[in-house]
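Chemist: Below is the structure I would like to discuss, written out as C-alpha cells.
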Amino acid sequence: MVVQILTNGIYRSIEHRATINSKKERISIVAFHRPQMSTVIGPTPRLVTPERPALFKTLTVEDYYKVIFSRQLQGKSCLDLMRIQKDNRK
C-alpha cells in the first residue's frame, strides 16, 4: 500500500488476503521494516504533475499507523482512506 502512495498510484498494490488450501502446504515469510514515526509518507514529488496531481495525502508514519490500526474490517480499504477527495464543486 505504501508503494502505491509513494508512486502516486502508478504502481497498483492489492490488499493482502490469504485463503486456506487444505490440499497444498503453504509457507509464509514475514519481513518487518520500521521507519521513524516522524518519517513522511506521500506521493514522490517527481511523480506529481499538473496532468497527474497528487492522489494521496501526505502524512507521518505515526498518523499512517493510526489509520491502519483504527480501521474497522467493514467499509473502505485503508488505501481509500489515504486518497485525496476531489472537490467536484466549481
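Since every read-out is calculated from the coordinates, none of them should be taken as a lab result. This one's a predicted model, so the numbers in the text were calculated from it and none came from an experiment. Note that we place each Cβ from the backbone using ideal geometry, even for glycine, and neighbour counts take in every protein chain shown.
Chemist: Neighbour counts of other C-beta atoms within 10 Å: give me Val30, Val2 arranged from fewest to most.
Modeler: Val30, Val2
Chemist: Right, next: Sort 32-39, 77-84, 53-60 for me by packing, meaning the mean count of neighbouring Cβ atoms within 10 Å per residue, highest on top. Can you show the working numbers first?
Modeler: Working: 32-39: 8.4, 77-84: 14.5, 53-60: 16.6.
The peptides rank, most packed first, as 53-60, 77-84, 32-39.
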